[in-house]
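Taking it in order: structure first as structure tokens, then the write-up.
Throughout, read-outs are computed from the coordinates displayed, never taken from laboratory work. These numbers come from a predicted model, not from an experiment. Virtual Cβ from ideal backbone geometry, glycine too; neighbours counted across all protein chains shown.
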Amino acid sequence: MATAESPIDAPDLPFFDVNDLAFSVRSRDVRDARDAGPYARTPYGLAVLRYAEVNRLVNDKRLIQGSARWAEHNGIVGDWGRWWANIVLNKEGAEHVRLRKLVNPAFASRHVADLVPKFQELANELIDGFVGDGQCEFIKQFADPYATRVICRLLGVTDENWAELSAYSEKMGLALSISGREHLDEIQWGLERMGDYADGLIAERRRAHHDDFLQSLVDANEDGDRLSDLELRDTVILLFQGGIETTRNQLGLAMDLFVRHPDQWDLLGREPDLAANAVEEVMRTRPTTTWVTREAAEDCDIDGIYVPKGTTVHLFTESSGTDERAYPDPSFDIRQLDRPKHFAFGGGRHYCLGHFIARGDMTEALALLAQRLPGVRYVEDPVWLPDSGNTGPQRQVITWDPEEAR
């Protein structure tokens with residue numbers, strides 16, 4: 001695994017090799033370090049472990065978005081690195097504002113209410129397909145098709161190709177795992193296929209006008225300098241890959257939490273109105289994005305630690321979300337309605353574009369799953385991505401109480 005020498009000259013701070021496949025952001029070592037202080041060193045710079053410091057630094061104007069250098073840091077060579085560095089997520093200043101304004105309308109909060117019946121219809125359709133079998137592979141039979149088909153419906157395209165889109169997204173998403181360097185051919189394949197699909201959609205919108213969000217992006221491209229050809233293509237790829245991958249992983253992480261907290265699953269089944277809060281508890285305690293990445297735009301002093309320009313600062317989302325200084329009882333509890341905000345969707349000017357949709361579609365999915373699949377539990381141990389970088393289950397076989405399922 002590629003590494004970078006830490007520029008932080010603070011030998012008294014604990015050191016975490018976040019590139020180590022055995023490292024876990026939820027480990028006892030991280031908990032002990034958080035108890036001792038808010039900071040640790042990594043191969044790239046600084047890790048921030050406590051809630052108060054994450055809350056302050058996520059909006060610190062001395063720090064810019066740090067994800068753009070992920071490919072460089074982790075040996076992800078090829079076209080994916082170019083695409084990743086040039087999407088709206090990793091732009092700064094006027095370029096970020098321009099691209100964000102173009103993409104924002106697809107993810108506005110007003111769309112969520114209109115889409116709720118579609119979320120419910122889709123979730124019920126998928127559950128109907130396996131509820132009588134007594135078990136399912138949750139990622140393949142629910143999380144994958146649900147996340148992918150939601151994005152298709154959001155963007156106004158047919159979902160008949162959802163399986164192919166899901167496969168492309170899954171392969172591209174390997175680049176965001178710390179083991180991504182081992183999957184370069186798969187990552188390149190996923191990007192090429194997703195790019196071909198984006199090209200087809202763009203060409204279709206140019207041949208015949210559609211009344212949908214994708215058409216607005218094509219129109220922005222044709223207007224002149226609002227969106228270049230490459231930006232248009234990269235943005236369409238991002239809309240699919242980002243929406244599919246994060247929701248799929250987060251649903252799998254939610255299922256894992258509920259399997260390990262059966263009382264909470266039973267409660268959600270009885271009180272589905274708690275589903276929106278359940279999503280927040282899942283994101284707080286088991287986020288798929290295990291850190292928010294920033295980079296020092298200038299030489300900084302952070303609480304007496306010298307942080308040179310260019311240093312990566314990892315804000316550990318799960319660690320901040322379970323910090324007892326902010327959450328006196330940080331245990332997973334969907335009845336707790338007044339928690340401090342979490343950072344699973346990031347923060348500041350780079351706050352996740354799709355957070356309204358992600359919250360909405362996961363809320364409806366979890367409510368229906370809990371009502372229809374009581375007593376959910378594992379048939380076998382799940383297969384996991386590394387618990388660092390972007391994480392989630394790759395295989396997750398569950399069963400439930402068949403006599404009570406509906």
Item to complete: Place the peptides 164-175, 318-329, 299-310 in order of packing, highest mean first, counting for every residue the other Cβ atoms within 10 Å and averaging per peptide.
Response: 164-175, 318-329, 299-310
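If R0 is 41 Å, what FRET efficiency do you get for VAL259 and ASP196 from their C-beta distance, rounded to 0.05?
On the way: r = 38 Å, r/R0 = 0.92.
In this case the efficiency is close to 0.60.
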Fill in: Rounded to whole Hz, the Karplus (6.51, -1.76, 1.60) HN-Hα couplings of region 350-362, x for glycine and proline
9, 4, 3, 4, x, 5, 5, 5, 4, 4, x, 6, 5
Worksheet item: Whose amide H sits under 5 Å from the amide H of THR42, counting only residues 5 or more places off or on another chain, with H placed in the peptide plane?
Response: PHE16, ALA47
Worksheet item: In terms of modelled amide H atoms, which long-range or inter-chain residues lie less than 5 Å from the amide H of ARG395?
Response: VAL383
Worksheet entry | FRET efficiency for ASP12 and LYS309, using Cβ-Cβ distance with R0 set to 22 Å, rounded to 0.05 | 0.45
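Need the full-extension length gain, ARG100 to GLU324, defined as separation in residues times 0.36 nm minus the C-alpha distance. One decimal, nm.
77.2 nm
Of ILE76, ILE244, how do they rank once you tally other Cβ atoms within 10 Å and put the fewest first?
ILE76, ILE244
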Worksheet, complete the sentence: Over the chain, the sum of -39500 (n - 2.57) across DSSP H runs of at least four, divided by residue number and rounded to 500 deg cm²/dmol, gives at 222 nm -15000 deg cm²/dmol
Item to complete: Starting from region 344-375, pick out the chymotrypsin sites (Phe, Trp or Tyr not before Pro) whose DSSP state is loop and whose Cβ has at most 15 other Cβ atoms within 10 Å.
Response: TYR351
Worksheet, complete the sentence: Here, ALA22 and ASN59, labelled 7 Å along Cα→Cβ, have an inter-label distance in nm of 4.1 nm
Worksheet item: By how many nm would the segment from VAL383 to ARG270 grow when fully extended, if each residue of separation counts as 0.36 nm and the alpha-carbon distance is taken off?
Response: 37.7 nm
Worksheet, complete the sentence: Filtered pair list for the chain (Lys only, Cα < 21 Å, 8 or more apart or interchain) has a length of 8
Discussion item. With the crude spin-label approximation of a point 7 Å out along Cα→Cβ, what separation in nm comes out for VAL77 versus ASP212?
Written reply: 3.8 nm
